[in-house]
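The structure appears below as structure tokens.
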Amino acid sequence: MSPLLEIENLRVELTTRDGSAPVIDDLSFSLNAGETVSFVGESGCGKSMTALAILGLLPAGIGRVTRGSIKFNGEDLTKASDARMREIRGNEISMIFQEPMTSLNPVFTIGEQIAEVLREHRDMNAAQARSRAIELLDAVRIPNAKGRVDDYPHQMSGGQRQRVMIAIALACEPKILIADEPTTALDVTVQAQIFELMRDLGREFETSIILITHDMGAVAEMAERMLVMYAGRKVEAGPVDQVIDHPKHPYTKGLISCVPHLLAELTDERPPLAEIGGIVPGLAEFGRNQCLYAARCPLADDKCLQERPLPLAGKNGHEAACWHVEKVS
């Protein structure tokens with residue numbers, strides 16, 4: 001059975017003051033029907049840019065796909081017209097953006113904003129769209145949906161606004177839902193509720209999910225497979241349990257080590273929280289023929305600085321792009 005979404009050798013470039021830089025560099029991955037795949041990595045590693053490339057929403061005039069393909073149900077979206085992409089966005093592939101207060105229009109009610117998607121893609125009249133909007137608000141567990149449908153975004157809490165964004169994204173029962181840091185700025189209790197809601201609705205609507213997050217706990221709970229990105233490149237990918245329990249790339253191991261753990265026995269002397277030294281390289285360094293993590297890696301040697309490691313597949317498709325896989329434990 002063919003994957004629902006298949007990306008092969010994707011390269012996305014941005015025009016900067018110093019020339020073109022590959023913000024996505026030779027990325028390949030697939031997403032099967034009903035599957036959840038999580039993208040993990042620090043800010044600036046290319047996770048959100050990958051999502052924008054899939055949706056055809058790269059920054060106008062400065063962002064472009066220069067190589068590779070993005071195949072949705074066999075159709076290469078890199079060759080699709082603007083009109084075709086408008087048909088796909090919101091209807092077959094939807095996205096939940098990071099901050100709902102900047103994504104929701106403050107001068108329209110939440111009901112109107114949900115209804116707009118339904119009128120555009122499902123040819124519903126005003127009454128039908130309003131009725132369906134109330135059903136969707138109820139589905140995302142907003143109490144008194146019938147009474148809240150005429151509220152404006154500022155009248156809702158952060159968690160409720162995020163639920164509205166999920167309702168908008170799922171209004172047309174898309175085949176793929178892209179969730180870009182869907183719990184940013186929410187407290188941990190609401191975060192747990194949002195992830196539970198996404199998981200339940202994904203099953204109900206039979207929707208595949210691409211989850212972009214920094215939260216390793218969410219990855220372990222939500223996803224079947226995960227993909228770790230660094231400086232626009234895929235550095236590790238595979239089944240979630242294998243990658244978390246047995247990371248093969250030093251960067252993945254560092255990310256996992258940075259997750260705080262509750263001690264079985266609380267003591268006055270707790271170990272300091274681990275951190276990865278240094279920062280993600282600037283765009284001018286993206287695309288170099290070397291390991292871009294070498295400057296921060298304790299295992300780096302001359303080979304890492306002179307030659308780019310390519311992902312090598314292992315057991316169950318667990319792959320890592322590192323010259324020193326055998327030293328990562």
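Please treat every number below as a calculation from the coordinates, not as lab data. Please read all numbers here as calculations on a predicted model, not as lab measurements. Cβ coordinates were reconstructed from backbone atoms using ideal geometry, including for glycine residues, and neighbour counts include every protein chain displayed.
Since only 166, 114, 90 are under comparison, the one whose Cα sits farthest along the positive direction of the charge dipole of the range 86-198, derived from C-beta charges on Lys, Arg, Asp and Glu, is 114. Placing +1 on the Cβ of every Lys and Arg and -1 on the Cβ of every Asp and Glu, with nothing else charged, gives the chain a dipole about its Cα centre of roughly 640 debye.
With θ taken as phi - 60° and the Karplus curve 6.51 cos²θ - 1.76 cosθ + 1.60 applied, the whole-hertz 3J(HN,Hα) list for the range 54-61 is 4, 8, x, 10, 4, x, 4, x Hz, x standing for glycine and proline. For the range 178-329, the Kirkwood hydrodynamic radius comes to 17.3 Å, computed from all pairs of different C-alpha atoms. Using Cα-only point scatterers and the Debye equation, what is log10 of I(q)/I(0) for the range 62-189 at each q in 0.09, 0.11, 0.15 Å⁻¹, rounded to two decimals? The calculated log intensity ratios at q = 0.09, 0.11, 0.15 Å⁻¹ are -0.29, -0.42, -0.74.
Near residue 99, no amide H atom lies under 5 Å from its own; only residues 5 or more places off or on other chains count, and H is placed 1.01 Å from N.
Past the 21 Å Cα-Cα mark, which pairs from 253/315; 303/327; 47/315; 175/253; 71/175? Cα-Cα > 21 Å for 47/315; 175/253; rest within. Taking the chain, the Cys residues with no second Cys beta-carbon under 4.7 angstrom are 45, 172, 258, 297, 322. When only Cα pairs below 8 angstrom with a gap of at least 6 residues are kept, the range 273-321 shows a relative contact order of 27 percent. Rounded to whole numbers, the Karplus 3J(HN,Hα) couplings from phi for the range 294-300 are 4, 5, 10, 9, x, 9, 5 Hz, using 6.51 cos²θ - 1.76 cosθ + 1.60 with θ = phi - 60°, and x at Gly and Pro. Sorting the segments 60-68, 192-200 by their residues' average number of neighbouring beta-carbon atoms within 10 angstrom, most packed first, yields 192-200, 60-68. Residues whose amide H comes within less than 5 Å of that of residue 236, counting only those at least five positions distant or on another chain, are 228, 321 (H built at 1.01 Å from N in the peptide plane). The residue 67 and residue 205 beta-carbon pair, evaluated with R₀ = 56 Å, returns a calculated FRET efficiency of approximately 0.95. Note on the range 1-69: Cα-Cα pairs beyond 21 Å make up 26% of the total pair count. Candidates 276, 72, 45 compared by Cα position along the dipole of the chain: farthest toward the positive end lies 72, with charges placed on Cβ. Matching the structure-derived volume of the Cα convex hull per residue in Å³ against the labelled list (i) 162; (ii) 141; (iii) 129 gives the label (i).
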